[in-house]
Amino acid sequence: MATIKVKFRPSTVADNEGVIYYQIIHGRRVRLILSDYRVFSSEWDENRAVVMIDQIRERTTFIQSIRECIRWDVDRLNKIVRKLDGEGLAYTCDDVIDKYNYYMNEYTLFKFMGRVIEKLKNKGKIRTSETYAATLNSFKKFLASQMSGDEDVMLDRMSSEIMEAYEAWHKKRGNSLNTISFYMRILRAVYHRAVEDEIIENRYPFRRVYTGIDKTVKRAISLTHIKKIKSIDLSLFPPLDFARDMFMMSFYLRGISFIDMSFLKKSDLKNGYLIYRRRKTGQLLTIEWTPEMQTVLDKYPDNPTRYLLPIIKTTGINERCAYRNIGYNINHNLKKIATMVGVNIPLTMYVARHSWASAAKVKGIPLSVISEGMGHDSETTTQIYLASLDTSVVDKANSIILSSL
(Lines give C-alpha, C1' and ligand atoms only; values in the text may rest on other atoms or scores of the structure.)
Protein backbone atom coordinates (compact mmCIF):
# COMPACT_ATOMS: atom_id res chain seq x y z
CA MET A 1 0.00 0.00 0.00
CA ALA A 2 1.33 3.42 -0.95
CA THR A 3 1.95 6.02 1.74
CA ILE A 4 1.11 9.71 1.37
CA LYS A 5 3.02 12.37 3.29
CA VAL A 6 2.74 16.15 3.30
CA LYS A 7 6.08 17.93 3.06
CA PHE A 8 7.43 21.48 2.98
CA ARG A 9 10.34 22.83 0.96
CA PRO A 10 11.64 26.19 2.20
CA SER A 11 12.57 28.89 -0.27
CA THR A 12 16.26 29.36 -1.00
CA VAL A 13 15.60 33.10 -0.81
CA ALA A 14 15.40 34.53 2.69
CA ASP A 15 11.94 35.72 3.82
CA ASN A 16 10.24 34.14 0.78
CA GLU A 17 7.47 31.56 0.95
CA GLY A 18 8.28 27.90 0.49
CA VAL A 19 6.16 25.27 -1.27
CA ILE A 20 3.96 22.45 0.05
CA TYR A 21 4.37 19.13 -1.76
CA TYR A 22 3.10 15.57 -1.43
CA GLN A 23 5.38 12.56 -1.15
CA ILE A 24 4.13 9.23 -2.51
CA ILE A 25 6.05 6.20 -1.26
CA HIS A 26 5.40 2.74 -2.70
CA GLY A 27 7.56 -0.27 -3.50
CA ARG A 28 10.64 1.45 -2.13
CA ARG A 29 10.19 4.27 -4.62
CA VAL A 30 9.40 7.91 -3.90
CA ARG A 31 7.66 10.41 -6.15
CA LEU A 32 6.63 14.02 -5.53
CA ILE A 33 3.60 16.15 -6.44
CA LEU A 34 4.12 19.88 -6.10
CA SER A 35 1.10 21.85 -4.91
CA ASP A 36 0.20 25.47 -5.60
CA TYR A 37 0.27 26.33 -1.89
CA ARG A 38 2.94 28.66 -0.55
CA VAL A 39 3.62 29.43 3.12
CA PHE A 40 6.45 30.88 5.19
CA SER A 41 8.80 28.62 7.13
CA SER A 42 7.36 30.02 10.36
CA GLU A 43 3.94 28.70 9.33
CA TRP A 44 5.10 25.08 8.92
CA ASP A 45 5.21 22.60 11.79
CA GLU A 46 7.80 20.01 10.79
CA ASN A 47 7.01 17.59 13.63
CA ARG A 48 3.28 17.39 12.89
CA ALA A 49 3.66 18.03 9.15
CA VAL A 50 0.91 20.64 9.16
CA VAL A 51 0.51 24.31 8.32
CA MET A 52 -0.02 26.30 11.49
CA ILE A 53 -1.47 29.71 12.22
CA ASP A 54 1.25 32.36 12.67
CA GLN A 55 0.98 35.57 14.63
CA ILE A 56 0.04 37.54 11.50
CA ARG A 57 -3.71 37.93 11.87
CA GLU A 58 -4.22 38.97 8.24
CA ARG A 59 -3.04 35.51 7.09
CA THR A 60 -5.32 33.49 9.36
CA THR A 61 -8.09 32.97 6.77
CA PHE A 62 -5.51 32.27 4.07
CA ILE A 63 -3.74 29.64 6.17
CA GLN A 64 -7.04 28.01 7.14
CA SER A 65 -8.01 27.71 3.47
CA ILE A 66 -4.64 26.10 2.65
CA ARG A 67 -5.06 23.60 5.46
CA GLU A 68 -8.48 22.71 4.08
CA CYS A 69 -7.13 22.34 0.53
CA ILE A 70 -4.32 20.07 1.74
CA ARG A 71 -6.85 17.91 3.56
CA TRP A 72 -8.92 17.52 0.38
CA ASP A 73 -5.82 16.69 -1.69
CA VAL A 74 -4.63 14.04 0.76
CA ASP A 75 -8.15 12.55 0.86
CA ARG A 76 -8.10 12.29 -2.95
CA LEU A 77 -4.70 10.63 -2.97
CA ASN A 78 -5.67 8.14 -0.27
CA LYS A 79 -8.88 7.32 -2.10
CA ILE A 80 -6.86 6.59 -5.26
CA VAL A 81 -4.50 4.36 -3.28
CA ARG A 82 -7.41 2.45 -1.70
CA LYS A 83 -8.99 1.91 -5.08
CA LEU A 84 -5.74 0.66 -6.63
CA ASP A 85 -5.18 -1.67 -3.67
CA GLY A 86 -8.73 -2.95 -3.98
CA GLU A 87 -8.18 -3.89 -7.63
CA GLY A 88 -5.47 -6.34 -6.50
CA LEU A 89 -3.11 -5.43 -9.36
CA ALA A 90 0.44 -4.17 -9.17
CA TYR A 91 0.85 -0.42 -9.46
CA THR A 92 3.55 2.22 -9.07
CA CYS A 93 3.87 5.70 -7.59
CA ASP A 94 3.56 7.05 -11.12
CA ASP A 95 0.17 5.32 -11.47
CA VAL A 96 -1.03 7.15 -8.35
CA ILE A 97 0.24 10.48 -9.71
CA ASP A 98 -1.32 9.90 -13.14
CA LYS A 99 -4.72 9.17 -11.63
CA TYR A 100 -4.42 12.15 -9.31
CA ASN A 101 -3.54 14.53 -12.16
CA TYR A 102 -6.36 13.12 -14.29
CA TYR A 103 -8.80 13.64 -11.47
CA MET A 104 -7.65 17.22 -10.87
CA ASN A 105 -7.99 18.02 -14.58
CA GLU A 106 -11.26 16.24 -15.35
CA TYR A 107 -13.41 16.17 -12.23
CA THR A 108 -14.10 19.80 -11.60
CA LEU A 109 -17.74 20.83 -11.48
CA PHE A 110 -17.48 22.98 -14.62
CA LYS A 111 -15.92 20.23 -16.74
CA PHE A 112 -18.05 17.38 -15.40
CA MET A 113 -21.30 19.33 -15.74
CA GLY A 114 -20.24 20.49 -19.20
CA ARG A 115 -19.95 16.84 -20.25
CA VAL A 116 -23.37 16.08 -18.77
CA ILE A 117 -24.87 18.97 -20.75
CA GLU A 118 -23.25 17.72 -23.96
CA LYS A 119 -24.64 14.21 -23.39
CA LEU A 120 -28.14 15.63 -22.88
CA LYS A 121 -27.85 17.50 -26.19
CA ASN A 122 -26.71 14.36 -27.98
CA LYS A 123 -29.74 12.51 -26.60
CA GLY A 124 -32.03 15.20 -27.99
CA LYS A 125 -32.93 16.54 -24.54
CA ILE A 126 -32.34 20.13 -25.62
CA ARG A 127 -34.62 21.82 -23.11
CA THR A 128 -33.09 19.89 -20.22
CA SER A 129 -29.58 20.73 -21.43
CA GLU A 130 -30.56 24.41 -21.48
CA THR A 131 -31.74 24.32 -17.86
CA TYR A 132 -28.49 22.59 -16.85
CA ALA A 133 -26.48 25.22 -18.72
CA ALA A 134 -28.43 28.02 -17.01
CA THR A 135 -27.70 26.43 -13.63
CA LEU A 136 -24.00 26.11 -14.41
CA ASN A 137 -23.84 29.77 -15.47
CA SER A 138 -25.62 30.77 -12.27
CA PHE A 139 -23.15 28.83 -10.13
CA LYS A 140 -20.23 30.32 -12.05
CA LYS A 141 -21.52 33.82 -11.27
CA PHE A 142 -21.82 32.87 -7.61
CA LEU A 143 -18.25 31.56 -7.45
CA ALA A 144 -16.96 34.65 -9.26
CA SER A 145 -18.65 36.83 -6.64
CA GLN A 146 -16.92 34.89 -3.85
CA MET A 147 -13.46 34.52 -5.37
CA SER A 148 -11.21 36.41 -7.73
CA GLY A 149 -11.01 35.18 -11.29
CA ASP A 150 -12.90 32.43 -13.12
CA GLU A 151 -12.32 29.73 -10.50
CA ASP A 152 -13.75 26.23 -10.68
CA VAL A 153 -14.48 23.87 -7.79
CA MET A 154 -13.59 20.20 -7.47
CA LEU A 155 -16.59 17.88 -7.29
CA ASP A 156 -15.45 16.41 -4.00
CA ARG A 157 -15.17 19.90 -2.51
CA MET A 158 -18.83 20.70 -2.96
CA SER A 159 -19.78 21.05 0.68
CA SER A 160 -22.88 22.05 2.63
CA GLU A 161 -21.10 25.33 3.46
CA ILE A 162 -20.68 26.17 -0.24
CA MET A 163 -24.29 25.29 -1.03
CA GLU A 164 -25.58 27.34 1.91
CA ALA A 165 -23.54 30.30 0.65
CA TYR A 166 -25.00 29.76 -2.84
CA GLU A 167 -28.52 29.75 -1.36
CA ALA A 168 -27.79 32.97 0.56
CA TRP A 169 -26.43 34.54 -2.64
CA HIS A 170 -29.72 33.80 -4.41
CA LYS A 171 -31.78 35.18 -1.55
CA LYS A 172 -29.74 38.37 -1.55
CA ARG A 173 -30.57 38.76 -5.24
CA GLY A 174 -34.29 38.49 -4.41
CA ASN A 175 -34.90 35.07 -5.99
CA SER A 176 -37.84 33.01 -4.76
CA LEU A 177 -37.57 29.68 -2.96
CA ASN A 178 -38.78 27.85 -6.06
CA THR A 179 -36.11 29.50 -8.19
CA ILE A 180 -33.44 28.56 -5.65
CA SER A 181 -34.79 25.00 -5.47
CA PHE A 182 -34.71 24.77 -9.28
CA TYR A 183 -30.95 25.42 -9.35
CA MET A 184 -30.24 23.29 -6.28
CA ARG A 185 -32.08 20.26 -7.63
CA ILE A 186 -30.16 20.38 -10.91
CA LEU A 187 -26.82 20.70 -9.12
CA ARG A 188 -27.85 17.84 -6.85
CA ALA A 189 -28.68 15.66 -9.87
CA VAL A 190 -25.22 16.32 -11.33
CA TYR A 191 -23.56 15.64 -7.97
CA HIS A 192 -25.45 12.36 -7.56
CA ARG A 193 -24.39 11.33 -11.06
CA ALA A 194 -20.76 11.76 -9.99
CA VAL A 195 -21.49 9.69 -6.86
CA GLU A 196 -23.13 6.92 -8.94
CA ASP A 197 -20.11 6.91 -11.27
CA GLU A 198 -17.93 6.40 -8.16
CA ILE A 199 -15.99 9.57 -8.88
CA ILE A 200 -16.71 10.96 -5.43
CA GLU A 201 -18.17 9.83 -2.14
CA ASN A 202 -21.49 11.36 -1.12
CA ARG A 203 -20.88 14.05 1.49
CA TYR A 204 -24.52 15.24 1.31
CA PRO A 205 -23.79 18.91 0.49
CA PHE A 206 -27.48 19.70 -0.16
CA ARG A 207 -28.83 18.58 3.21
CA ARG A 208 -29.14 22.12 4.59
CA VAL A 209 -30.51 23.96 1.55
CA TYR A 210 -34.03 24.16 0.17
CA THR A 211 -34.80 21.65 -2.60
CA GLY A 212 -38.59 21.44 -2.26
CA ILE A 213 -41.45 23.09 -4.14
CA ASP A 214 -42.95 26.08 -2.39
CA LYS A 215 -46.54 27.18 -2.79
CA THR A 216 -46.55 30.01 -5.32
CA VAL A 217 -48.84 32.93 -5.93
CA LYS A 218 -52.03 32.20 -7.82
CA ARG A 219 -51.49 31.79 -11.55
CA ALA A 220 -54.98 30.78 -12.62
CA ILE A 221 -57.72 33.20 -13.68
CA SER A 222 -61.47 32.65 -13.62
CA LEU A 223 -63.67 31.58 -16.52
CA THR A 224 -65.19 35.07 -16.38
CA HIS A 225 -61.81 36.58 -17.24
CA ILE A 226 -61.18 33.91 -19.86
CA LYS A 227 -64.48 34.93 -21.52
CA LYS A 228 -63.42 38.59 -21.49
CA ILE A 229 -60.09 37.74 -23.09
CA LYS A 230 -61.87 35.66 -25.73
CA SER A 231 -64.46 38.31 -26.61
CA ILE A 232 -62.44 41.55 -26.51
CA ASP A 233 -62.10 43.20 -29.91
CA LEU A 234 -58.40 43.44 -30.76
CA SER A 235 -58.73 43.66 -34.54
CA LEU A 236 -56.99 47.07 -34.60
CA PHE A 237 -54.01 45.68 -32.67
CA PRO A 238 -52.65 42.62 -34.55
CA PRO A 239 -49.84 41.78 -32.07
CA LEU A 240 -52.34 41.78 -29.19
CA ASP A 241 -54.84 39.82 -31.28
CA PHE A 242 -52.23 37.16 -32.03
CA ALA A 243 -51.19 36.93 -28.36
CA ARG A 244 -54.83 36.49 -27.33
CA ASP A 245 -55.37 33.78 -29.96
CA MET A 246 -52.34 31.78 -28.81
CA PHE A 247 -53.43 32.11 -25.19
CA MET A 248 -56.93 30.86 -26.03
CA MET A 249 -55.54 28.04 -28.17
CA SER A 250 -53.44 26.87 -25.20
CA PHE A 251 -56.57 26.93 -23.05
CA TYR A 252 -58.62 25.09 -25.68
CA LEU A 253 -55.92 22.42 -25.92
CA ARG A 254 -56.23 21.53 -22.23
CA GLY A 255 -53.52 23.93 -21.14
CA ILE A 256 -50.87 22.75 -23.58
CA SER A 257 -47.42 24.16 -22.80
CA PHE A 258 -46.09 26.84 -25.14
CA ILE A 259 -43.14 24.76 -26.30
CA ASP A 260 -45.40 21.84 -27.23
CA MET A 261 -47.77 24.26 -28.91
CA SER A 262 -44.96 25.84 -30.94
CA PHE A 263 -43.72 22.54 -32.33
CA LEU A 264 -47.07 20.92 -33.15
CA LYS A 265 -46.90 19.65 -36.74
CA LYS A 266 -49.65 19.77 -39.34
CA SER A 267 -49.32 16.00 -39.55
CA ASP A 268 -50.27 15.75 -35.85
CA LEU A 269 -53.84 16.75 -36.74
CA LYS A 270 -55.76 13.97 -38.45
CA ASN A 271 -59.26 12.50 -38.42
CA GLY A 272 -60.51 15.11 -35.97
CA TYR A 273 -57.83 14.48 -33.33
CA LEU A 274 -54.59 16.16 -32.41
CA ILE A 275 -51.98 13.58 -31.38
CA TYR A 276 -48.59 14.66 -30.05
CA ARG A 277 -45.91 13.82 -27.52
CA ARG A 278 -45.00 16.18 -24.70
CA ARG A 279 -41.44 17.36 -25.22
CA LYS A 280 -40.82 17.39 -21.48
CA THR A 281 -41.92 13.86 -20.63
CA GLY A 282 -42.45 12.05 -23.94
CA GLN A 283 -46.04 11.29 -22.92
CA LEU A 284 -48.41 10.73 -25.85
CA LEU A 285 -51.56 12.90 -25.70
CA THR A 286 -54.66 12.77 -27.87
CA ILE A 287 -57.05 15.74 -27.98
CA GLU A 288 -60.34 15.97 -29.86
CA TRP A 289 -60.22 18.86 -32.33
CA THR A 290 -63.06 21.32 -31.66
CA PRO A 291 -64.67 24.21 -33.59
CA GLU A 292 -63.03 26.71 -31.20
CA MET A 293 -59.59 25.40 -32.16
CA GLN A 294 -60.40 25.45 -35.87
CA THR A 295 -61.62 29.06 -35.63
CA VAL A 296 -58.21 30.17 -34.38
CA LEU A 297 -56.40 28.11 -37.01
CA ASP A 298 -58.56 29.58 -39.81
CA LYS A 299 -57.45 33.12 -38.87
CA TYR A 300 -53.91 32.28 -39.97
CA PRO A 301 -54.12 30.38 -43.28
CA ASP A 302 -50.68 31.44 -44.55
CA ASN A 303 -48.19 29.12 -42.93
CA PRO A 304 -45.54 27.66 -45.25
CA THR A 305 -43.81 25.63 -42.54
CA ARG A 306 -44.56 22.10 -41.34
CA TYR A 307 -45.90 23.47 -38.08
CA LEU A 308 -49.60 23.61 -37.30
CA LEU A 309 -49.73 27.00 -35.58
CA PRO A 310 -48.27 30.30 -36.86
CA ILE A 311 -45.62 30.58 -34.14
CA ILE A 312 -42.52 29.44 -36.03
CA LYS A 313 -43.28 30.84 -39.48
CA THR A 314 -39.89 30.75 -41.21
CA THR A 315 -37.83 27.75 -42.25
CA GLY A 316 -34.06 27.55 -42.10
CA ILE A 317 -33.70 29.42 -38.81
CA ASN A 318 -32.79 28.56 -35.24
CA GLU A 319 -36.25 27.37 -34.28
CA ARG A 320 -35.63 27.23 -30.53
CA CYS A 321 -34.46 30.84 -30.50
CA ALA A 322 -37.46 31.81 -32.61
CA TYR A 323 -39.97 30.14 -30.29
CA ARG A 324 -38.39 31.76 -27.23
CA ASN A 325 -38.40 35.22 -28.80
CA ILE A 326 -42.01 34.88 -29.95
CA GLY A 327 -42.99 33.58 -26.53
CA TYR A 328 -41.41 36.64 -24.93
CA ASN A 329 -43.38 38.94 -27.25
CA ILE A 330 -46.63 37.07 -26.61
CA ASN A 331 -46.21 37.29 -22.84
CA HIS A 332 -45.38 41.00 -23.13
CA ASN A 333 -48.60 41.60 -25.06
CA LEU A 334 -50.66 39.41 -22.74
CA LYS A 335 -49.80 41.73 -19.88
CA LYS A 336 -51.33 44.59 -21.89
CA ILE A 337 -54.45 42.51 -22.45
CA ALA A 338 -54.60 41.74 -18.73
CA THR A 339 -54.86 45.47 -17.99
CA MET A 340 -57.61 45.86 -20.59
CA VAL A 341 -59.80 43.09 -19.10
CA GLY A 342 -59.05 43.73 -15.42
CA VAL A 343 -56.82 40.74 -14.66
CA ASN A 344 -54.63 41.68 -11.71
CA ILE A 345 -51.98 38.96 -12.00
CA PRO A 346 -49.17 38.84 -14.59
CA LEU A 347 -50.79 37.20 -17.60
CA THR A 348 -48.56 34.71 -19.44
CA MET A 349 -49.03 31.64 -21.59
CA TYR A 350 -48.44 29.54 -18.49
CA VAL A 351 -51.57 31.04 -16.92
CA ALA A 352 -53.65 29.28 -19.59
CA ARG A 353 -52.39 25.92 -18.32
CA HIS A 354 -53.18 26.74 -14.70
CA SER A 355 -56.54 28.22 -15.64
CA TRP A 356 -57.70 25.11 -17.48
CA ALA A 357 -56.80 22.95 -14.48
CA SER A 358 -58.55 25.37 -12.12
CA ALA A 359 -61.64 25.48 -14.33
CA ALA A 360 -61.74 21.68 -14.32
CA LYS A 361 -61.79 21.65 -10.55
CA VAL A 362 -64.49 24.34 -10.38
CA LYS A 363 -66.65 22.25 -12.72
CA GLY A 364 -66.39 19.30 -10.35
CA ILE A 365 -64.25 17.20 -12.66
CA PRO A 366 -62.49 14.56 -10.50
CA LEU A 367 -58.77 14.73 -9.93
CA SER A 368 -58.60 11.28 -11.51
CA VAL A 369 -59.69 12.93 -14.76
CA ILE A 370 -57.50 16.00 -14.68
CA SER A 371 -55.01 17.13 -12.02
CA GLU A 372 -55.01 20.66 -10.77
CA GLY A 373 -51.53 21.31 -12.09
CA MET A 374 -49.69 23.33 -9.50
CA GLY A 375 -51.97 22.01 -6.78
CA HIS A 376 -50.11 18.69 -6.94
CA ASP A 377 -47.15 18.17 -4.66
CA SER A 378 -45.19 16.40 -7.41
CA GLU A 379 -45.27 16.33 -11.18
CA THR A 380 -44.93 12.53 -11.02
CA THR A 381 -48.38 12.30 -9.45
CA THR A 382 -49.80 14.41 -12.25
CA GLN A 383 -48.20 12.20 -14.88
CA ILE A 384 -49.58 9.06 -13.21
CA TYR A 385 -53.12 10.48 -13.26
CA LEU A 386 -52.90 11.62 -16.87
CA ALA A 387 -51.27 8.45 -18.11
CA SER A 388 -54.13 6.29 -16.78
CA LEU A 389 -56.97 8.27 -18.32
CA ASP A 390 -59.24 7.26 -21.13
CA THR A 391 -58.86 9.95 -23.81
CA SER A 392 -62.61 10.21 -24.31
CA VAL A 393 -63.08 11.08 -20.63
CA VAL A 394 -60.61 13.95 -20.90
CA ASP A 395 -62.21 15.15 -24.13
CA LYS A 396 -65.58 15.20 -22.35
CA ALA A 397 -64.01 17.24 -19.56
CA ASN A 398 -62.62 19.65 -22.12
CA SER A 399 -66.04 19.92 -23.77
CA ILE A 400 -67.62 20.84 -20.42
CA ILE A 401 -65.09 23.61 -19.91
CA LEU A 402 -65.29 25.04 -23.43
CA SER A 403 -69.09 25.08 -23.34
CA SER A 404 -68.86 27.49 -20.41
CA LEU A 405 -67.24 30.16 -22.58
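The values are calculated or read from the model by the stated rules, or taken from the named source; none is laboratory data. Owing to the predicted nature of the structure, the values given are computational and were not obtained by experimental measurement. Cβ atoms come from the backbone with ideal geometry, glycine included; neighbour counts cover every protein chain shown. Each accessible area value is taken on the protein alone, full model and side chains, heavy atoms only, with ligands, DNA and RNA left out. Shrake-Rupley method; radii C 1.70, N 1.55, O 1.52, S 1.80 Å.
Brief remarks follow.
- Distance-filtered residues of region 344-362 - backbone nitrogen under 16 Å, label point 7 angstrom along residue 131 Cα→Cβ: 350
- Counting only the Cα atoms, region 52-174 fills a convex hull of 157 Å³ per residue.
- Relative contact order computed over the chain (Cα-Cα under 8 Å; 6+ residues apart), in percent: 10
- Computed on region 147-254, with alpha-carbon pairs under 8 angstrom and 6+ residues apart, the relative contact order is 29 percent.
- Normalising the average separation of contacting C-alpha pairs (under 8 angstrom, six or more residues apart) by the number of residues puts the relative contact order of region 273-362 at 12 percent.
- This model, with +1 at the C-beta of Lys and Arg and -1 at the C-beta of Asp and Glu, gives the chain a dipole about its Cα centre of some 1060 debye.
- Note on residue 265: aspartates and glutamates with a C-alpha under 20 Å away, same-chain residues under 8 apart excluded, are 245, 288, 292, 298, 302, 319.
- Protein accessible area in the chain, 1.4 Å probe - carbon and sulfur %: 51
- [x] 4, 11, 12, 15, 13, 9, 7, 7, 6, 6, 5, 3, 1, 0; [y] 4, 17, 22, 19, 13, 10, 9, 5, 1; [z] 5, 23, 32, 26, 12, 1, 0, with the label sought being that of the calculated P(r) over Cα pairs in 10 Å bins from 0, in percent: [y]
- Between the amide H of residue 44 and those of 52, distances stay under 5 Å, these residues lying 5 or more places away or on another chain, with hydrogens modeled in the peptide plane.
- 0 to 90° range, to nearest 10: angle between helix 177-196 axis and the chain longest Cα axis: 50
- When shorter helices are ignored and each DSSP H run of at least 4 residues is given -39500 (n - 2.57), the per-residue value for the chain at 222 nm works out to -16500 deg cm²/dmol.
- GNM result for the chain, Cα springs below 10 Å: residue of 243, 189, 359 fluctuating most strongly: 189
- Where the chain is the region considered: accessible area per residue in Å², 1.4 Å probe: 55
- For the chain, built as a Gaussian network whose Cα springs stay under 10 Å, the top-fluctuating residue of 190, 30, 81: 30
- Taking the alpha carbon gyration tensor of region 207-324, multiplying each eigenvalue by 5 and rooting it gives semi-axes of 26, 21, 16 Å, largest first.
- Rounded tilt (10° steps) of 160-172 against the dominant C-alpha axis of the chain: 40
- For the chain, with +1 on Lys and Arg beta carbons and -1 on Asp and Glu, the positive-most of 200, 211, 166 along the dipole: 211
- Positive-end extreme of charge dipole, the chain - chosen from 96, 295, 133 (charges on Cβ): 295
- Projecting the Cα atoms of 311, 343, 401 onto the charge dipole of the chain (Cβ charges, centred on the Cα centre) puts 401 farthest toward the positive pole.
- For region 331-342, 3J(HN,Hα) per residue [Karplus equation, 6.51 cos²θ - 1.76 cosθ + 1.60, θ = phi - 60°, Hz, x = Gly/Pro]: 4, 4, 6, 5, 5, 5, 5, 4, 5, 5, 9, x
- Among the trypsin sites (Lys or Arg not before Pro) found in region 36-107, those both in a DSSP coil and sparsely packed, with 15 or fewer other Cβ atoms within 10 Å of their Cβ, are 48.
- Magnitude of the charge dipole, region 300-350, Cβ model with Lys/Arg +1 and Asp/Glu -1, debye to 20: 100
- Accessible area, probe 1.4 Å, largest first, for residues 102, 22: 102, 22
- Region 1-65 versus region 68-144: alpha-carbon centroid distance in Å: 25
- Proximal lysines to residue 79, defined as alpha-carbon separation beneath 23 angstrom and excluding residues fewer than eight positions away on the same chain: 5, 7, 99, 111
- Rounded to the nearest 20, the Cβ-based charge dipole of region 188-335 about its Cα centre (Lys and Arg +1, Asp and Glu -1) stands at 420 debye.
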